[in-house]
Amino acid sequence: MTVYAGMGMLVCLVVACCATPLIRGLLALIGLGSNRLGTPWFLAVSEASSHPDLTRGLIMPIGLAGGAVGVMMAWVGKLSSVLSGSGETVSAPPKQMAVLFGGAVIVGCVAASSVVFATMRSRGRDAAVLIAGGGTSRLVWMKVACETVIYLALSLVFAYAIVWVNELAMDHALTSGPIPSAPFTLPGWQAAGIVAFGMLFVVVMLAAITAGITHRQVIDVVLDER
């Protein structure tokens, strides 16, 4: 049973190493039919697809943080289900839970915010060019909203992919060997909670950047980039 968490960390490492092709493939799927979903969605998909490395740097820390927490909570659930027949119960102490959740949130938010700050100038320039080309402030805000939905969806996919793959692999290993009574444990809400909180932090920063651009003269923003 102690291998469960270690296997989860290994899955996180594999997902992190394969992030770029996975993100490209998922963005290609999201982009299918984007022309039919309106201009804001098309612009958001184009923004995420044209900078896959930046997209990876934004969503992977949050997705990995959610996946790691999901694995640990699934481990507790697995232990509880295995030991339930003997009358034993398992629960995570409050201090350890605070460290687990707090550490994951801090790491994910700091890493994602670093990417947002690093791309602040390019995001401002793109928004200014869009407005100068005839786009409205509403279009810019809708693009940010659609972009956030894409980042949230990708982060959730990665987080729960880690939890599901680890659970399926360990369930097969345990039931085929030492613990035939280990039932499949459904992933909980904890991974989604970590992803949602981290993405909320990112949304606040994106909104602040967008508000700063839409309240400036776009020509000044464009000239500042030259």
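The values are calculated or read from the model by the stated rules, or taken from the named source; none is laboratory data. Just so it is clear, the model here is predicted, and its values are computed rather than measured. Cβ sites come from the backbone with ideal geometry, for glycine too, and all protein chains shown count toward neighbours. Please note that ligands, DNA and RNA were not included when accessible areas were found on the heavy atoms of the full protein model with its side chains. Shrake-Rupley method; radii C 1.70, N 1.55, O 1.52, S 1.80 Å.
Among residues other than Gly8 whose Cβ falls under 12 Å from its Cβ, what is the net charge (Lys/Arg +1, Asp/Glu -1)? Before the final figure, lay out each step's value.
On the way: positive: Lys78; negative: Glu167.
For residues surrounding Gly8, the net value is 0.
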**Report entry** Rough spin-label spacing in nm, given labels placed 7 Å along Cα→Cβ, for Ala153 and Ala173
**Finding:** 3.3 nm
Query - Difference of contour (0.36 nm per residue) and Cα-Cα distance, Val204 to Ala145 - result: 20.1 nm
Query raised in the report: How much accessible area per residue does region 137-189 have, in Å², with a 1.4 Å probe?
Result: 49 Å²
Requested in this report: Enumerate the calculated ³J(HN,Hα) couplings along region 45-56 in order (Karplus 6.51 cos²θ - 1.76 cosθ + 1.60, θ = phi - 60°), each rounded to whole Hz, writing x wherever the residue is Gly or Pro.
Outcome: 5, 5, 4, 5, 6, 6, 10, x, 5, 5, 5, 4
